[in-house]
Amino acid sequence: MSDSEDTASDRTPTGPLLLLGDSLTEAGPWEEAFPDRQVINAGRTGDTTADVAARIDEVVTAKPSTVVVMAGTNESRRATVEQVVRGLEDILFQLRHELPDAHLLVCSVLPRERERADWIREVNIHVRQFAPTVKADFVDLWPSFAEEDGELRADLTTDRLHLTDAGYDAWVEQLRGVVG
């Protein structure tokens, strides 16, 4: 076997692709989007970063080779930027500690109403800076999802929070380029 074949086989995922988050994750068409992978949808309606962190043991038990994290939007009305950033950092730290060989991806918090744009941008800046410290890739969804004023694009949502099929198509497109 050549060196290039060894390298290629080392990158072949052996465990499932696990998507971890709130209702945005839960409603995603992940099995159809990644038909060549075993997919575990660990999205839960209403989850905050603390709720997601409390479920890390379930994630570890599944032995995923890739984990995609999307959390924080449910806290945009009641938590500070610092609280959400710490929550996301805790999730990523725990995942890296418990799954040292997994490919970790953390998606930016999606835009919502323009009134929350600055809050969400600030969370995303901090998470983008933290991700490399735990060898996680940051997937910046903001450019594909936000209007110039920071509002979630109207063609991707019906309620300025939840995604339409077009919204999920845009998210899947972003993930296809980085999911192992």
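For the reader, a short list of remarks on this structure follows.
- Close pairs (7 angstrom Cβ cut-off, 6 or more residues apart or separate chains): more than 18 Å from H103 (Cβ to Cβ) in region 54-74, in a loop (DSSP other than H, G, I, E, B) anywhere: G72/V109; T73/D22; T73/V109; T73/L110; N74/D22; N74/G46; N74/D47; N74/T48
- Residue in region 88-104 that is free of Cβ contacts under 8 Å to residues at least 40 places away in the same chain and among the small types (G, A, S) present: no
- Options L141, L88: the member that is under 17 Å from S23 (Cα atoms) and touching a Cys at 6+ places or on another chain (Cβ under 7 Å): L141
- None of A146, A154 is more than 24 Å from D36 (Cα to Cα), exposed (fewer than 15 other Cβ atoms within 10 Å of the Cβ) and not acidic (D, E) except A154.
- Picking from residues in region 60-73 that are within 14 Å of the chain's Cα centre (by Cα) and not hydroxyl-bearing (S, T, Y), the one that is surrounded by the most Cβ atoms within 10 Å (Cβ to Cβ) is G72.
- Highlighted here are the helices (runs of 4 or more DSSP H) found entirely within region 7-124 that include at least 3 residues which are of a type in the set (A, V, I, L, M) and in contact with a Ser or Thr (Cβ under 9 Å, 6 or more places away or on another chain): 81-98.
- Which numbered condition E89 misses (of (1) surrounded by 17 or more Cβ atoms within 10 Å (Cβ to Cβ); (2) within 21 Å of Q174 (Cβ to Cβ)): (2)
- Of all residues in region 109-151, those that are over 18 Å from E82 (Cα atoms) and of a type in the set (K, R) total 3.
- For region 125-137, a residue qualifies if it is part of a helix (DSSP H, G or I), in contact (Cβ under 8 Å) with a residue 40 or more places away in the chain and crowded, with 19+ Cβ neighbours inside 10 Å, and exactly one does: V127.
Readers should treat all values here as calculations from the given coordinates under stated rules, not as data from a laboratory. Fair warning: this is a prediction, and the values are worked out from it, not measured in the lab. Counting neighbours? That spans all protein chains shown, and the Cβs are built from the backbone with ideal geometry, glycine included.
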